[in-house]
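Remarks on the structure that follows.
The values are calculated or read from the model by the stated rules, or taken from the named source; none is laboratory data. Small disclaimer: the values here were computed from a predicted structure and weren't measured. We place every Cβ from the backbone using ideal geometry, glycine too, and count neighbours over all the protein chains shown. The accessibility values were calculated without ligands, DNA or RNA, using every heavy atom of the protein model including side chains. Shrake-Rupley method; radii C 1.70, N 1.55, O 1.52, S 1.80 Å.
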Amino acid sequence: MNMPFYVAPEQLMKDRADFAQKGIARGRSLAAVEFTDGMLLCAENPSRNLRKVSEIYDRIAFAGVGRYNEYDQLRIAGIRHADIKGYTYSRDDVDSQALANQYAQMLGQIFTHETKPLEVEILVASVGFDTAGDRLFHIRYDGSVTDEEGFAVLGGEAEAIRERLGASYSAGMSLEEGLRAAVSALAGDERRLSSSELEVAVLDRLDSGRCFRRLENGEIDDLLS
Amino acid sequence: MNFPVFDPTDDPGPSFGELLKKTGLASTTSADVGRAGSSKAAEITHGTTVVSAKYDGGVIIAGDRRATAGNLISYRNMKKVFPADRWSGVAIAGAAGPALEMVKVFQLQLEHYEKVEGHPLSLEGKANQLSQMLRGNLPAAMQGLVVVPIFAGFDRRRNYGRLFAYDVTGGRYEEEDFVASGSGSLFARTVIKMGHRDSQTQTEAVDLMIRALFAAADDDSATGGPDSMRGIYPIVATISADGYQELEESDIAARFERVLAEFAEQQGPSTAGGQA
């Protein structure tokens, strides 16, 4: 009779974490930056169709890195959660914190109970009517949540990018300044990223309805030039 | 509230209606309505006349503001014209409760699809969605909760405005020029029919809608006319390449003033003695 080998829980968790981290590290990174009139989400993404950044609700956006099919499922679940909540209660009752908690629950559950953890890291961003109301929730593959202030970085080279962005970020930046900081932090010192390699969207806090808006290549070029 | 995650075989896709069914939140089923019995006895709030017509560059959609319950006016400033999304609008006539719920779900359905799929439905797809929702309401309609909407939008693939009329069974009829629905629609339609011209300008079309609604209110007691005492006027919205846009109330009020002045001039003082 075959006896299963004993594996210490610490080792089991570590193996799973390593596996997920490896998957995430293969993909390109993204950054979110708060600016005076809203939130900017900027991803390095050569694809026009497989989006990393998308709309969840009036004032909430979603961004994911890692395996596309996995974070896309999470994106759709988030839209469903928000739309059902808005339908049942009111559009004002849909908030990013509840959504972030739901994501954390789900990722944590899958990390400990399923055969394979999700190889994703996601960001739930929302804008208030002033900067004090802005939220950035960074949720990792194991369900751990961090509440980020001002900016957030997700993906393979997050550490290096976070350091670069931290150096150039300051509160009260304009959209233009925020985008420049995000793009140069993503690119690093040796590269230059053009608009065709970028996916950029903003949550514009001055909008009254759905605040999410994608920036077209021309617009990105104008802001970066 | 559970996090809505489904098996691939059980996934509701981009449909918000399906999602509501799967989560048990869908509105009243036909069986419930059957149990509730006939609504004829209950005085249900009804919305009345709505009209729509094409012009050069888009479509106009308009509706009066009165809701009635039997012979009483139950609401004076009801909204019957709504944006469905950025490039389309919907106007409703019929039982107010189910009609407003239908509009709410319809708006959410279009938004939900757009967010899940990453691009909006085609205009025809939107028109078909409304058709399916009406079909779902058929048992309730048979019990007296009739809803008859008009759907108008700007087709961004073909670059022109289109409008659709419906019947209670969900039948969808694309109209070439104009459409009217609700209790005063007979009078409104006649006015539009007489005044409609191909490729009329936006201003001409707005004036025509105003005349049509005025005629409907003049002859149908369930349709509300311009109420200058309370400052309540019908809602008129244009849908063009620039999207859905409601006209300013002051603009509508001024146009009604002109129509009323014209009308008074034509009629002259009443000479027939009113003896009952």
From the options A:Leu118, A:Leu123, A:Leu99, residue that is of a type in the set (A, V, I, L, M, F, W, C), surrounded by 21 or more Cβ atoms within 10 Å (Cβ to Cβ) and away from every other protein chain (no Cβ under 14 Å):
A:Leu123
Could we say that A:Thr115 is within 13 Å of the chain's Cα centre (by Cα), outside any helix (DSSP H, G or I) and either over 29 Å from B:Leu20 (Cβ atoms) or free of Cβ contacts under 8 Å to residues at least 60 places away in the same chain (or both) here?
no
For the range B:261-274, which positions are in a helix (DSSP H, G or I) and either at pLDDT 90 or above or out of contact with any helix residue (DSSP H, G or I) (no Cβ under 8 Å at 6 or more places or on another chain) (or both)?
B:Ala261, B:Glu262, B:Ala264, B:Glu265, B:Gln266, B:Gln267
What single numbered condition from (1) open to solvent by 30 Å² or more (accessible area, probe 1.4 Å); (2) acidic (Asp, Glu); (3) not in a helix (DSSP H, G or I) fails to hold for A:Asp15?
(3)
Do the conditions hold for A:Gly66, that is, is it modelled with pLDDT under 95, in contact with a helix residue (DSSP H, G or I) (Cβ under 9 Å, 6 or more places away or on another chain) and on the phi > 0 side of the Ramachandran plot?
yes
Of all residues in the range A:59-68, count the ones that are within 19 Å of A:Asp142 (Cβ to Cβ) and surrounded by fewer than 22 Cβ atoms within 10 Å (Cβ to Cβ).
1
Tally time: how many residues in the range B:216-240 are of a type in the set (Gly, Ala, Ser) and part of a loop (DSSP other than H, G, I, E, B)?
6
Failed criterion for A:Ile139 (all others in (1) in contact (Cβ under 8 Å) with a residue 40 or more places away in the chain; (2) crowded, with 22+ Cβ neighbours inside 10 Å hold)
(1)
Against the conditions (1) more than 9 Å from every other protein chain (Cβ to nearest Cβ); (2) within 22 Å of A:Asp130 (Cα to Cα), where does A:Gly66 fall short? Just the number, please.
(2)
Within the range A:26-44, count every residue that is over 19 Å from A:Cys211 (Cα atoms), over 9 Å from the mean Cα position of the chain (by Cα) and open to solvent by less than 10 Å² (accessible area, probe 1.4 Å).
1
Within the range A:69-90, which residues are farther than 12 Å from A:Val120 by Cβ, open to solvent by 20 Å² or more (accessible area, probe 1.4 Å) and at the interface with chain B (Cβ under 10 Å from one of its Cβ atoms)?
A:Ile76, A:Lys85, A:Tyr87, A:Thr88, A:Tyr89
Does the range A:51-62 contain at least one residue that is among the small types (Gly, Ala, Ser) and either farther than 18 Å from A:Leu198 by Cβ or more than 10 Å from chain B (Cβ to nearest Cβ) (or both)?
yes
Residue count, the range A:73-97 (criterion: in contact with a helix residue (DSSP H, G or I) (Cβ under 7 Å, 6 or more places away or on another chain) and among the aromatic types (Phe, Trp, Tyr))
1
